[in-house]
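The values are calculated or read from the model by the stated rules, or taken from the named source; none is laboratory data. What you are looking at is a predicted structure, and each value in this text was computed from that prediction instead of being measured. Every residue, glycine as well, gets a Cβ built from its backbone with ideal geometry; the counts of neighbours run over all protein chains shown.
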Protein chains: 2
Amino acid sequence: MPDVPASRPSGAAALVPDSLPRPGGVLAGQRRAVARALTAVENGLPGADVLVDALYPHTGRAWRIGVTGPPGAGKSTLTDRLVTAFRARGQTVAVVAVDPSSPFTGGALLGDRVRMDGHAEDDGVFVRSLAARGALGGLSEAAEGACDVLDAAGFDVVLVETVGVGQGEVDVAETTDTTLVVLVPESGDAVQAMKAGLMEVADVFCVNKADKPEAARLVRALRATLHLRPEGSAQPAVVTASALAGDGIDGLVAALDGHRAALAERWDEVRAERLRRRVRRLVEGRWRRAFWADGRAEALARAVAELDPSERAPHRLAARVLGE
Amino acid sequence: MPDVPASRPSGAAALVPDSLPRPGGVLAGQRRAVARALTAVENGLPGADVLVDALYPHTGRAWRIGVTGPPGAGKSTLTDRLVTAFRARGQTVAVVAVDPSSPFTGGALLGDRVRMDGHAEDDGVFVRSLAARGALGGLSEAAEGACDVLDAAGFDVVLVETVGVGQGEVDVAETTDTTLVVLVPESGDAVQAMKAGLMEVADVFCVNKADKPEAARLVRALRATLHLRPEGSAQPAVVTASALAGDGIDGLVAALDGHRAALAERWDEVRAERLRRRVRRLVEGRWRRAFWADGRAEALARAVAELDPSERAPHRLAARVLGE
């Protein structure tokens, strides 16, 4: 393990397959090692779990910010502005664009990260799209594993940008420290965000395209709705910005900083809770793969084929498969 | 079982708790029994699984059409037009509006079914929102269970309208016979739909608001992209409509009919495959609830709290919880 500093536990690192980058390379922030580790996590390559486990004790230093909201809200432009703002105060930044791509499109639609080109020459910025097709534990585990890699590699801020509004986005938002929900003053957006459950996970709301006349109305509607949140839960900040013009970014960063400061007070508890949730998800994924791999998928197919249609009953069949 | 016709299996019906409607009432199409059965499925009330099992052998007659697409695409208006079209040819129609509501908003945002008021006096139409907060097996099982109830109750067509674009919508789409994806000629929509995996599940695309100048471009882009689908997979139809004006509805219905006719040729196979997938999902849900209820959630919390942070490793912990 020549490249693993002696002060770091080498036991776990020793188990990482040779096909994967050394944990030490990631910890040293070597860009090639980081990129290869992300590929391993994204595709669920053999040993990716061991690699993440080896890196995990070196995580917890980066600030993980989820950026989510409906299509067309201007998330990418806003993310780009945030990168510039964090860089201006000397922080290094990684951006993970999570894309729930499908086997059919094969991730071919990724790569509209052109806006990030302004940071292409900056070693303090790392941009990566994540399709997460083969990841162990699905999209949110891939995103969380990617954040672990970038956190362990020493980035100060990791921005996780998700596409769309749905359960996948909510799941990913639950793995970050601070969740920024971007909305635009167009009819229905706030309602859609609430329907998708983004209201619960939002720590900061940013009403983008705030130069539009309906922006003030959306801000009011948001604040009114937020009062419906249960007693005792933290009230998310609501700020306005115009990402394209670059207006309001300072206020947005201040709101994000405010949430981080509040989080710092109960950081250990937050980390432990997140680990619990993650292990639950991993346990379920491991069980699922093992259970169906053991001939049970075929047995179920036979049972369905052989049953008389009048005897088919989904719940009873499920109980039978489990031997209940 | 006075209300269960003798020709129907009464064994399963006998196990349905008295707090739930009799299967016979649903099979007779009694609206109150149907509404109560849907409530049971939506909230995962005790015995809802037995009720669905009892109804299941009487399903397979209704045509289940999923209507999905990004927010603002005009799904509700188009659904309303389809109801009118199906009614005009004498078919009875049920509409299930699936809403991934959250505990916080409590489904308060449901109920924008005002447009359906035109059918309020029509006994051949049944409209129901589904929040699916407590459903066994999640949103897609709730939607599928609701379709079973409405199918068994004798509706000819069941339209399942989903909100948003995400994994939840794709999951629900997989439970219907024909999936209609509604898009509007606004930048990014087609790309968003593809990213969310709707491209795979679409059987018919409808470009709504087709009077807009960009509509022709979207149709061309869709057709070009569809050529990327794997060899041998069926090519979805692409039609245009203007739901608000009522234009293009005949063509849309013809495209949907075309898909149904193709499906009829391999109906038994489709039904069996869907049942297999559903049982898998139910097995996983049952196992998950039983596993964590058995003191394991608390044991995991203790393990995380007691571990030295340098020893924390998500995948190793998951293996330990499973006793691997």
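Results, tabulated for the structure shown:
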{"item": "Single match in A:Thr240, A:Thr225 (criterion: more than 21 Å from B:Leu275 (Cβ to Cβ), surrounded by 14 or more Cβ atoms within 10 Å (Cβ to Cβ), within 11 Å of chain B (Cβ to nearest Cβ) and in contact (Cβ under 8 Å) with a residue 12 or more places away in the chain)", "result": "A:Thr225"}
{"item": "Residues satisfying the stated conditions in segment B:256-272, i.e. among the acidic types (Asp, Glu) and over 13 Å from B:Gly60 (Cα atoms)", "result": "B:Asp257, B:Glu265"}
{"item": "Hits in segment B:149-163 - residues which are within 14 Å of another protein chain (Cβ to nearest Cβ) and over 13 Å from B:Asp177 (Cβ atoms)", "result": "B:Val149, B:Ala152, B:Glu161, B:Thr162, B:Val163"}
{"item": "A:Leu322 being within 9 Å of another protein chain (Cβ to nearest Cβ) and closer than 20 Å to A:Val157 by Cα", "result": "no"}
{"item": "Residue satisfying all of: in segment B:21-67; under 19 Å from the mean Cα position of the chain (by Cα), within 11 Å of chain A (Cβ to nearest Cβ) and outside any helix (DSSP H, G or I); farthest from B:Glu273 (Cα to Cα) among these", "result": "B:Thr59"}
{"item": "Residues located in segment A:269-302, provided they are facing chain B (nearest Cβ under 7 Å) and among the aliphatic types (A, V, I, L, M)", "result": "A:Ala272, A:Leu275, A:Val279, A:Leu282, A:Val283, A:Leu300, A:Ala301"}
{"item": "Within segment B:243-252, tally of residues that are surrounded by fewer than 18 Cβ atoms within 10 Å (Cβ to Cβ) and either among the β-branched types (Val, Ile, Thr) or over 22 Å from B:Ala224 (Cα atoms) (or both)", "result": "5"}
{"item": "Residue count, segment A:143-169 (criterion: modelled with pLDDT of 90 or more, surrounded by 24 or more Cβ atoms within 10 Å (Cβ to Cβ) and assigned to a loop (DSSP other than H, G, I, E, B))", "result": "2"}
{"item": "Subset tally (residues that are among the hydroxyl-bearing types (Ser, Thr, Tyr) and surrounded by fewer than 24 Cβ atoms within 10 Å (Cβ to Cβ)) for segment B:29-80", "result": "4"}
{"item": "Helices (runs of 4 or more DSSP H) contained in segment A:238-324 and holding at least 2 residues in contact with a strand residue (DSSP E or B) (Cβ under 8 Å, 6 or more places away or on another chain)", "result": "A:249-264"}
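Residue-wise test of (1) in contact with an Asp or Glu (Cβ under 6 Å, 6 or more places away or on another chain); (2) over 30 Å from A:Pro70 (Cβ atoms); (3) at pLDDT 95 or above.
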site	(1), (2), (3)
B:Ala14	no, yes, no
B:Pro17	no, yes, no
B:Gly24	yes, yes, yes
B:Ala28	no, yes, yes
B:Ala37	no, yes, yes
B:Glu42	no, no, no
B:Pro70	yes, no, no
B:Thr77	no, no, no
B:Val83	no, no, yes
